[in-house]
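To keep things clear, I will list the structure first and then write my remarks on it.
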Amino acid sequence: MPLAALAREYAALRPAIDAAVHDVFVSGRVVRGPWIARFERAWARRLGVRHVVLVHSGTTALAVALAAAGVRRGDEVIVPALTFPATAEAVLALGARPVVVDVAPDTLLLDVDAALRAVGPRTRAVVPVHLYGQPHPRLAALARELRRRRVALVEDACQAHGAATPGARSGVLGVAAAFSFYPTKNLSTYGEAGAVATDDPRLAARVRAWRNHGLGPRGGRPRFGLNLWPGEIEAAILCVKLPHLRAWNAARRAAARQYDRALAGHPRLRPVANAAGNRHVYHQYVVRARDRDLWRARFAAAGIETAVHYPRALPDLPGLAGRVRVAGRCDAARAAAREVFSLPVHPWLTETERRRIVAVLAAGGRQTGRRADRRASSRAAL
Ligand SMILES: Cc1ncc(COP(=O)(O)O)c(C=O)c1O
């Protein structure tokens, strides 16, 4: 049972996807055509923002969003210690320095107080990550405080399509947000794509120019830019899938509720905490265990794939060593990196498959519980 199930998804959507891709081929407009514009409008409407610019990956979206928000060589950008490395790579790509701050020990999301303490004269932006699809619960307060300090808030919403707190949808509180449509994401294409979402027309225009060799829509004097376009096929597939996102996220939440129930009062495992009232979209369902390897072996023996998101905190990644500044200790992120693992939670799981996952959770709890009981009783006998 795999962690993601693109083949099942394609089997269900095949006529619509084939028709959209066919349309791209027969139109002859395989790049920079109408599907990109159509998806940008649809995703902007769905998020409730004025502008969406589609680019060729989430990493690129983060980098150009930061550049358009004013991040330059030598600036500092605050990022959480537990995330996919792209959050820091995008900062480094601009010649700026990631400043790594710990995460909250329960939700594993950027510790807002630590982030505000880390803001200094060189800080140009803060990048909270809606990790695992959980919308950051304190973003509105962070956004207000950062506006006061003239520091940009750029959301890494690469894992959070459709997530929301009671106050706002993920991807609308900062000056800009970056999304990824990598194939395993809640909303994905069959290739690579990402997007910048923003309400600011000037920021959107800058991202569009970056995407197109520095050229504006009517030409003019070019600034510096690159070619950051995705293909039309990627956009056409996104247009077909977008209307399903709500139902897919609901299916992920239903699976998560089932796992939550199985883990309530569990002797060895605990899920990552979800702040009350949040619309978490469970890009990953993440469990913590001190004896993680044992649990992963149990799932593997039952034919169930698991993964670790992420095995190292950012400061401990060899590729980032010496390139980031670490503000304070990252104890919570490091503890999580030792304990977390992800279970399949995608919308294509059958009820039987979800029950198999629940059965491993329950059986493992009984086994470790019995062993703990035996240890306890042998100690009592001494
Ligand atoms: C939190 C986070 N940020 C950034 C990215 C980068 O997105 P992409 O893989 O589309 O470049 C990802 C994707 O895996 C991600 O999960």
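Structure notes:
- Close contacts from the stretch 122-135, counting a first residue that is over 13 Å from VAL100 (Cβ atoms) and a second that is among the hydroxyl-bearing types (Ser, Thr, Tyr) and crowded, with 24+ Cβ neighbours inside 10 Å, with Cβ to Cβ under 6 Å and a gap of 6+ residues or different chains, come to HIS130/SER170; GLY133/TYR282; PRO135/SER170.
- Filter result for ARG148 (over 17 Å from GLY58 (Cα atoms) and modelled with pLDDT under 95): no
- Per-region count, the stretch 107-132, residues buried (at least 22 other Cβ atoms within 10 Å of the Cβ) and part of a helix (DSSP H, G or I): 3
- Within the stretch 169-225, being in contact with a Ser or Thr (Cβ under 8 Å, 6 or more places away or on another chain), outside any strand (DSSP E or B) and under 21 Å from VAL31 (Cα atoms) holds for PHE181, TYR182, PRO183, GLU192, ALA193, ALA204, VAL207.
- Filtering ALA193, ALA152, ALA143, ALA178 for residues that are closer than 20 Å to GLU89 by Cβ, of a type in the set (Gly, Ala, Ser) and away from the ligand (no atom under 13 Å from the Cβ) leaves a single hit, ALA152.
- Just one residue in the set ASP102, ASP106, ASP113, ASP75 is of a type outside the set (Lys, Arg) and free of Cβ contacts under 8 Å to residues at least 12 places away in the same chain; that residue is ASP113.
- The set of residues in the stretch 155-168 being more than 10 Å from the ligand (Cβ to nearest atom) and either in a loop (DSSP other than H, G, I, E, B) or over 20 Å from GLY194 (Cα atoms) (or both) consists of HIS161, GLY162, ALA163, THR165, PRO166, GLY167, ALA168.
- So ALA236, is it of a type in the set (Gly, Ala, Ser), surrounded by fewer than 20 Cβ atoms within 10 Å (Cβ to Cβ) and not in a strand (DSSP E or B): no
- Qualifying residue in the stretch 321-335 (condition: part of a strand (DSSP E or B), outside the structural domain of ALA114 (by TED's automatic domain parsing) and touching a strand residue (DSSP E or B) at 6+ places or on another chain (Cβ under 8 Å)): yes
Rundown of residues vs (1) more than 10 Å from the ligand (Cβ to nearest atom); (2) under 20 Å from LYS185 (Cα atoms); (3) in contact with an Asp or Glu (Cβ under 6 Å, 6 or more places away or on another chain); (4) assigned by TED's automatic domain parsing to the domain that holds GLY216, yes/no style:
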residue: VAL52; (1), (2), (3), (4): yes, yes, yes, yes
residue: HIS56; (1), (2), (3), (4): no, yes, yes, yes
residue: VAL64; (1), (2), (3), (4): yes, no, no, yes
residue: GLY70; (1), (2), (3), (4): yes, no, no, yes
residue: ASP75; (1), (2), (3), (4): yes, no, no, yes
residue: ILE78; (1), (2), (3), (4): yes, no, no, yes
residue: THR83; (1), (2), (3), (4): no, yes, no, yes
residue: THR87; (1), (2), (3), (4): no, yes, yes, yes
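- Every condition in (1) in the same structural domain as THR83 (by TED's automatic domain parsing); (2) surrounded by 15 or more Cβ atoms within 10 Å (Cβ to Cβ); (3) in contact with a His (Cβ under 7 Å, 6 or more places away or on another chain) is met by GLY231 except one, and the failing one is (3).
- Restricting attention to the stretch 1-33, the residues being surrounded by 12 or more Cβ atoms within 10 Å (Cβ to Cβ) and within 23 Å of THR350 (Cα to Cα) number 13.
- Taking the stretch 84-106 as the range and being in a loop (DSSP other than H, G, I, E, B) and of a type in the set (Gly, Ala, Ser) as the test, the residues that pass are GLY95, ALA96, ALA104.
- Residue in the stretch 279-301 that is assigned to a loop (DSSP other than H, G, I, E, B), on the phi > 0 side of the Ramachandran plot and out of contact with any Lys or Arg (no Cβ under 7 Å at 6 or more places or on another chain) present: no
- Residue check, LEU228 at pLDDT below 95 and closer than 22 Å to ARG50 by Cα: no
- Close Cβ contacts (under 7 Å, 6 or more residues apart or on different chains) running from residues in the stretch 323-340 that are at positive phi to residues that are crowded, with 19+ Cβ neighbours inside 10 Å and not in a loop (DSSP other than H, G, I, E, B) comprise GLY328/VAL101; GLY328/ALA114.
- Of the residues making up the stretch 164-185, those that are surrounded by 24 or more Cβ atoms within 10 Å (Cβ to Cβ) and at pLDDT 95 or above are ALA176, ALA177, ALA178, PHE179, SER180, PHE181.
The values are calculated or read from the model by the stated rules, or taken from the named source; none is laboratory data. Values in this document were obtained by computation on a predicted structure and should not be read as measured data. Here the Cβ is made from the backbone with ideal geometry for all residues, glycine too, and neighbour counts use every protein chain on show.
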